[in-house]
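A.B. asks: Got a structure here, written out as structure tokens. Questions coming.
What follows draws every value from the coordinates through simple rules; no lab data is involved. As the structure is a computational prediction, the values presented were derived from the model and not from experiment. Cβ atoms come from the backbone with ideal geometry, glycine included; neighbour counts cover every protein chain shown.
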Amino acid sequence: MVATRVPTLGQFLDGWLEEVVAPSLAPATVASYRMCTRRYIAPELRAKRLDTLTLRDVQAWLNRLRLVCQCCAQGKDAERARSQCCAIGRCCRQVLADWTVHQAYAVLRAALSQAAREELVTRNVAALVRVSVPRATSRKVWTVEDARRFLESSRDAGDPYHGGYVLLLVLGLRRGEVLGLTWSDVDLEAGEAHIRWQLQRVGGELSLRRTKTTSSEAVLPMPEICGEALISHRAMTSAWRLAAGPAWHDTGLVLSTRFGLPIDPRNFHRKFKERAVAAGVPVVPVHSTRRTCASLLVELDVHPRVAMQILRHSQISVTMDIYSQVASASTREALTRLGTRLDYGRN
């Protein structure tokens, strides 16, 4: 039997993930690609040889992926101490969301594009499949009043994450950026914050890495509301350091545990939702605060280009389809106006 040099899809995916994806993409993205490959692509298509994979194979895989119960496919119920649905014949119909199916398709398409570049296949059959982009679902966005009530609640309760909440809502920072902000990147006198790092949990470990894109890295002017919140937070941190003594970890992070350690993003997310309940405002995910910040900027009649600078979008289409240029002074003015609108601390 003559061995062929063309690998199976499974063999190619293993090499592609290790040699192409892992060295070039962010750890969280790599983890997502591996998850999609392991759970959704490999179980059905792994044994297919690259040069025999057809458009119809990919289309049939996509069709089944939309319909298959993942609890059944992955044996989730069978792994429980006491089965309650699929393992005992009562299928729970845990089908994938449209966006998850689209993500799995995008991973396969990217892998086959690489195979085409390496001339292992003559064409990318996944690119020939007609796949519609799922519609974005409408999500709750806080109003200015909701944001004010939330911040007022966290301040009055002495919430240790209050300073982070202010940065999320007023500067539109991402969760990882707030948790990765260090005191060395904050200039309280100049009223500026240098956004360079983000904290992520990948592979069970917390690590600091550079921000998502070059456009994400920026020096943002901080209105008074941010400076005042950080000054109060620094005093709280100093008290923690004295109380912890030798147990204190000098990580330099603005937001930390009472022993100076990084805050797990999942714990921050949970506390954020608990604070929303306590404040009596709609419970939204942490990452929706960027949309809230954008909505606040629009409500304040901030020019789309200024909003693009504040939110550090790489393309204006992400913010609004508007063209124009504005000076950094306008960015500072916009942030100051937003801070004044959220000025819950003064009577």
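A.B. asks: Within region 92-113, which residues have the backbone N less than 20 Å from the label spot 7 Å out from GLU79 along Cα→beta-carbon, could you tell me?
C.D. replies: Only 92-97, 100-101, 104 fall inside the zone, counting backbone N under 20 Å.
A.B. asks: Right, another one. Quickly work out the LYS273-to-LEU120 label distance, labels modelled 7 Å from Cα along the C-beta direction, and quote it in nm with one decimal.
C.D. replies: The two pseudo-label positions are separated by 3.9 nm.
A.B. asks: Between SER232 and ASP14, 0.36 nm times their residue separation minus their Cα-Cα distance comes to what?
C.D. replies: That pair, SER232 and ASP14, stretches by 73.5 nm at full extension.
A.B. asks: Can you compute the modelled spin-label distance between LEU55 and ALA28, with each label point 7 Å from Cα toward Cβ, in nm?
C.D. replies: Placing both labels 7 Å beyond Cα along the Cβ direction yields 3.7 nm.
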